[in-house]
Amino acid sequence: MTETKTKLKRCPCCGGMAAVRQEQKPMEDADGNFSEFTIWQVACLACGMRTAWAFDRESVAKRWNMRAET
């Protein structure tokens, strides 16, 4: 799990703590050369709820923190 500049809110489902995850994924270009890129996700450590993967750490943190207006 990784630090992010944006403070993560608690899970909207269970109130658990959340953390940012990152994974390295291989990518093949048009010439058949492989390189790696990083994808990011926020996940609840208690219930497992999570965001979709994204290419930017801050964008997943902001997505996690969005809440519906009541």
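The values are calculated or read from the model by the stated rules, or taken from the named source; none is laboratory data. As the structure is a computational prediction, the values presented were derived from the model and not from experiment. Cβ placement follows ideal geometry from the backbone for every residue including glycine, while neighbour counts extend to all protein chains displayed. Accessible surface areas use protein heavy atoms only, side chains included; no ligands, DNA or RNA. Shrake-Rupley method; radii C 1.70, N 1.55, O 1.52, S 1.80 Å.
When you look at W64, is it open to solvent by 90 Å² or more (accessible area, probe 1.4 Å) and not acidic (D, E), yes or no? Spelling it out, it is not the case that W64 is open to solvent by 90 Å² or more (accessible area, probe 1.4 Å) and not acidic (D, E).
The criterion of being at pLDDT 95 or above, of a type in the set (D, E, K, R) and surrounded by fewer than 16 Cβ atoms within 10 Å (Cβ to Cβ) does not hold for E36. Pairing each residue of the range 29-41 that is more than 28 Å from K62 (Cα to Cα) with any residue that is of a type in the set (D, E, K, R) and part of a strand (DSSP E or B), provided the two are 6+ apart or on different chains, yields C-beta distances under 7 Å for F34/E28. Taking residues in the range 14-28 that are free of Cβ contacts under 8 Å to residues at least 40 places away in the same chain and among the basic types (K, R), and partners anywhere that are open to solvent by 70 Å² or more (accessible area, probe 1.4 Å) and in a strand (DSSP E or B), the pairs with Cβ atoms closer than 7 Å and at least 6 places apart or on different chains are K25/E36.
Has the range 10-20 got any residue that is loosely packed, with under 10 Cβ neighbours inside 10 Å, out of contact with any strand residue (DSSP E or B) (no Cβ under 8 Å at 6 or more places or on another chain), on the phi < 0 side of the Ramachandran plot and at pLDDT below 95?
Let us first name the residues in the range 10-20 that are loosely packed, with under 10 Cβ neighbours inside 10 Å, namely none.
Looking through the range 10-20, none of the residues is loosely packed, with under 10 Cβ neighbours inside 10 Å, out of contact with any strand residue (DSSP E or B) (no Cβ under 8 Å at 6 or more places or on another chain), on the phi < 0 side of the Ramachandran plot and at pLDDT below 95.
Of all residues in the range 18-70, those that are closer than 19 Å to T6 by Cβ and part of a strand (DSSP E or B) total 14.
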